[in-house]
Amino acid sequence: MMNTYFFEDLSLGMHETLMKTVMESDVVGFAQLSGDENPIHLSDVYASKTRFGQRIAHGLYTASLISAVLGTRLPGPGAVYLSQSLNFKAAVKIGDVVVVKVSVTELTEKGRRCRLYCEALVDGQVVLDGEAIVMVPGRPKGSAET
């Protein structure tokens, strides 16, 4: 699903949700992409000896799901990240279903800035939250609302 909102289309309280099951291939792929090959993500033997008892997903993998919402659903294509704060609250394990919720909390016309509250939950528990600020394209001059 892809949504495209121009700055003029946004309003306070608008929200979007994404649900993603964390697969082993996601964790391995993220390790390869990021270069973070910490054995807590990749080694069952190592991870079994940690406080988590099993492998966990990278925190920034979970955070990247926020980026997926911002870039495809709210505000959607054309949104440009300016900042993101992240608070990691709990580990995400392979097989967990992560629900990412993003909602508009502030709109600043100058510079077309949009502030969004972002959270990721597993089984109703917040595993990550934070705030994003993105720049949103304005409606092209002469185009009609859709």
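General observations
- For the chain, lysine pairs with C-alpha atoms less than 24 angstrom apart, excluding pairs fewer than eight positions apart on the same chain, total 8.
- Note on the chain: GNM, Cα springs under 10 Å; of LEU12, LEU116, LEU70, the largest mean-square fluctuation is that of LEU12.
- Scoring 56-67, 19-30 by mean Cβ neighbours within 10 Å over their residues and listing the highest first yields 56-67, 19-30.
- The dipole here belongs to the chain: it is taken about the Cα centre, uses +1 on the Cβ of Lys and Arg and -1 on the Cβ of Asp and Glu, and is about 200 debye.
- Projecting the Cα atoms of SER25, LEU42, VAL134 onto the charge dipole of segment 1-134, computed from C-beta unit charges around the Cα centre, puts LEU42 farthest toward the positive end.
- By the helix-only formula, in which each DSSP H run with n ≥ 4 contributes -39500 (n - 2.57) and the sum is divided by residues, the chain has a 222 nm mean residue ellipticity of -6500 deg cm²/dmol.
- GNM on the chain, alpha-carbon springs under 10 angstrom: the most fluctuating residue among GLU16, GLU119, GLU37 is GLU37.
- Helix 24-34 vs. the chain, principal-axis angle (Cα, 0 to 90°, nearest 10): 70 degrees
- Distant-in-sequence amide contacts of ASN3, defined by a placed amide H-H separation under 5 Å and a gap of 5 or more residues or a different chain, comprise ARG73.
- Rounded to the nearest 0.05, the FRET efficiency derived from the C-beta distance between MET23 and VAL45 at R0 = 25 Å is 0.80.
- Taking Lys and Arg as +1 and Asp and Glu as -1, the other residues whose beta-carbon sits under 12 Å from that of PRO39 total -1.
- Theoretical FRET efficiency, 1/(1+(r/R0)^6), r = Cβ-Cβ of LEU12 and GLN84, R0 25 Å, to 0.05: 0.80
- Neighbours of ARG55 by Cβ distance under 14 Å: Lys/Arg scored +1, Asp/Glu scored -1, total -3.
- Helix axis angle, 59-72 relative to the chain longest principal axis, alpha carbon, degrees: 30 degrees
- Taking only the Cα atoms of segment 53-146, the radius of gyration and Dmax are 15.2, 58 Å.
Values quoted throughout were computed directly from the atomic coordinates according to the rules given, and no laboratory measurement underlies them. Worth saying up front: this structure is predicted, and the values here are computed from it rather than measured. Ideal geometry is used to build each Cβ from the backbone, glycine not excepted, and the neighbour counts take in all protein chains shown.
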